[in-house]
Amino acid sequence: MVTAAAAPSPTAPTEGRSPFVRLHELLADIKPGKSAINLSVGEPQHDIPPFVGSVLAAHLKDFGRYPANKGTDAFRKSAAAWLGRRYKLSRPLDPETETIVLNGTREGLFLGAIAAKRYVTKRAGKPAILIPNPFYAAYSAGAAAADCEPVYLPTTRETGFLPDLDAIGEDLLARTVVFYLASPSNPQGAVADAVYLTRLVTLARRFGFLIFADECYCEIYLNGQPPHGMLEVSGPDFANVVVFHSLSKRSNLPGLRVGFAAGDRRFLTRYVELRNIAAPQVPVPLQEVAIAAYADETHVEHNRELYVAKFDLADQIIGDRYGYKRPDGGFFLWLDVSARGSDETVTTKLWRDGGLRVIPGHYLARDGADGRNPGDGYIRVALVQGKEITAEALHRLVAVLG
């Protein structure tokens, strides 16, 4: 049972620190043994779509005006239309009230927690935000900014790398403000099925909290089966559900910083009120690139084929080592290296002997109520490089670790 004790002390030295800053400090004084290959950051290195430059050039003059904070009409219509094509929704989304633009989902997921704290009804005790553990750092940052208790829900092999809904006590659910869920998950690539998502929506409506569904990896699926989306199971009013989408992974545009949120119109109305005074607008030329990206599936299909090919390499080169099992989605390997030493030791060895930059699993997680960190003994490997570099990196990894 997950209880209030799941959050670590706010004075813990690693609390709130970027895992990438910690990685830099770990490896700063060590020279790589071979030419460096960076597999630590989830930054796609595939080619950007070919239309980006021409769309930007056609709209350069629009850098000279302030855009609406919630996004242009054209962008919101484009995002809503794409959701309707991608998912089996009970009805089309209203672009005017149920879709807003974001400066990428990191900003959206963070600021959304503050808006949610103001929106939900009074909680039965200290307001809490539930976070899968390991997690994307913006979730815990949002909880801290909203003055909510972060409660970390272990996602382990035993739980299918998703939070165990049966293990969450009703007392905790009664004081929950937001439940963050990523599907496919980061880092394990687990995909929640429709039954799981439906159960979570039922809990959200029973206890009055919001679900923030981080669906940024939804277009990188590796078994031919597109993941279900939270809006598919949330009924015609989309109540208590907000989904977050980005072009960083779908379209290899991490530097564009354009995403969107969609769903519960009552919450989004309050969210826009906060964004109007606290968040920068998204430049119109960038929204125009996003419109083109959401209208084109060819580059997305090609992108997915490249990731499938790289996981085919992982299947062949890694085999059954390090507890590897091909995930359903995402572009990370989540490797159990505990038999080779601590995750920091293995990370250091891979850099020193193989020139491979990966990230220790426990940097991406927090200690739970039982004192255990579900990332201990794992490393996260981002398969974001091209196919040839990926093959070289995987061969080096096996050569160094055995």
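Helices in the chain, meaning DSSP H runs of at least 4 residues, each add -39500 (n - 2.57). Divided by all residues, the mean residue ellipticity at 222 nm is -11500 deg cm²/dmol. The accessible-area ordering, largest first, of the residues R205, R275 stands as R205, R275, per a 1.4 angstrom probe.
The residues of segment 42-154 have, on average, 45 Å² of accessible surface per residue, using a 1.4 Å probe with all protein chains present. For segment 355-387, trypsin sites (Lys or Arg not before Pro) meeting the loop criterion (DSSP other than H, G, I, E, B) and having at most 14 other Cβ atoms within 10 Å: R372. FRET efficiency for H59 and R91, Cβ-Cβ distance as r, R0 = 25 Å, nearest 0.05? The calculated FRET efficiency here is 0.20. Helices meeting the span-like rule in the chain (full DSSP H runs, Cα extent of at least 18 Å along the helix axis, mean Kyte-Doolittle score of 0.5 or higher): 194-207, 387-401. Taken about its Cα centre, segment 152-278 carries a charge dipole of roughly 440 debye when the Cβ of each Lys and Arg holds +1 and the Cβ of each Asp and Glu holds -1. Between H395 and D193, the contour length at 0.36 nm per residue exceeds the alpha carbon distance by 69.4 nm. Estimated at the nearest 10 Å², the accessible area of F51 is 40 Å² with a 1.4 Å probe.
Here segment 1-156 exposes an accessible surface that is 59 percent carbon and sulfur, computed with a 1.4 Å probe and the other protein chains kept in place. Here the accessible area of segment 171-235 is 54 percent carbon and sulfur, with a 1.4 angstrom probe and all protein chains present. Label-to-label distance for K31 and A278 is 4.8 nm, based on points extended 7 Å past Cα in the beta-carbon direction. Peptides 210-216, 74-80 ordered by packing proxy, namely the average of other Cβ atoms within 10 Å per residue, highest first: 210-216, 74-80.
Straight-line reach from K310: which lysines have Cα under 23 Å away, leaving out those fewer than 8 places along the same chain? The qualifying lysines are K34, K249, K325, K387. I need the calculated FRET efficiency for the pair K387 and Q225, taking r as the beta carbon distance and R₀ as 22 Å, to the nearest 0.05. With a Förster radius of 22 Å, E is 0.45.
Site pair D376 and K122 shows an inter-label distance of 4.1 nm when each label is modelled 7 Å from Cα along Cα→Cβ. The length gained by stretching the chain between D315 and F20 to full extension, at 0.36 nm per residue less their Cα-Cα distance, is 103.5 nm.
Of all lysines in the structure, the ones whose alpha carbon falls short of 24 Å from that of K117, not counting any fewer than 8 places away in one chain, are K70, K126. Per residue, the accessible area of segment 163-262 comes to 27 Å², computed with a 1.4 Å probe over protein heavy atoms only.
With Cα atoms defining each centre, segment 314-337 and segment 236-286 are spaced 32 Å apart in the structure. Between T156 and E301, the modelled labels are 4.3 nm apart [label points 7 Å from Cα along Cα→Cβ]. Result for the chain in a Gaussian network model with C-alpha springs under 10 Å: among A192, A182, A57, the largest mean-square fluctuation is at A57. One decimal place: the segment E170-D47 gains 39.6 nm when fully extended, by the rule 0.36 nm per residue minus the C-alpha distance.
The values are calculated or read from the model by the stated rules, or taken from the named source; none is laboratory data. Source: prediction; values computed, not measured. Positions of Cβ are backbone-derived with ideal geometry, glycine not excepted, and every protein chain shown enters the neighbour counts. Just the protein is used for accessible areas: all its heavy atoms, side chains included, with ligands, DNA and RNA removed. Shrake-Rupley method; radii C 1.70, N 1.55, O 1.52, S 1.80 Å.
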